[in-house]
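Q: So that we are looking at the same thing, I have put the structure below in structure tokens.
What follows is calculated from the coordinates using simple rules that are stated; it is not laboratory data. Predicted model only: the values in this text are computed from it and were never measured. A quick note on method: Cβ atoms are made from the backbone with ideal geometry, for glycine too, and the neighbour counts reach across all protein chains shown.
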Amino acid sequence: MKSIIAAVAILVAASSAAFAYSPDARLRAQNNRIEAGRESGEITWREGMRLRRQQAEIMRAQARLRADGYLSRSDRRTLHLMQDEAARDIARKQSNGWRRVWWLPRFGR
């Protein structure tokens, strides 16, 4: 039983480590967090627009850095730092206390 639990723990750790270093997967996860916050009302329309603009900036930077065909170590670090900042901004916006009024419908993207 312990060996099964250990194997599952190793598998989960390996998959989460691989997920953390994939810039595309991380962008998708952050976009999903933004949309989930918009659906629940934790992120207002204006905050969502700013967060999406930040995500678009990261995608443009990623495209520029990949223009030569690959991402160097410093390129990956730059993207990682940009995504770390975006993750902190998403967390701040979700917990800043501003919410969509429950009886108002969600509008916008």
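Q: What is the extension gain from His80 to Glu35, computed as 0.36 nm multiplied by their sequence separation minus the C-alpha to C-alpha distance, in nm to one decimal? List each step's numbers first, then the result.
A: Details: separation 45, 0.36 × 45 = 16.20 nm, distance 2.11 nm.
Extending this stretch completely gives an extra 14.1 nm.
Q: Round to the nearest 0.05 the FRET efficiency obtained for Arg73 and Met49 when R0 = 30 Å and r is the Cβ-Cβ distance. Please report the intermediate quantities before stating the final value.
A: Numbers: r = 33 Å, r/R0 = 1.10.
Taking R0 as 30 Å, the efficiency between Arg73 and Met49 is 0.35.
Q: If R0 is 25 Å, what FRET efficiency do you get for Asp89 and Arg66 from their C-beta distance, rounded to 0.05? Walk me through the numbers on the way to the answer.
A: Details: r = 23 Å, r/R0 = 0.93.
Efficiency computed from Cβ-Cβ geometry: 0.60.
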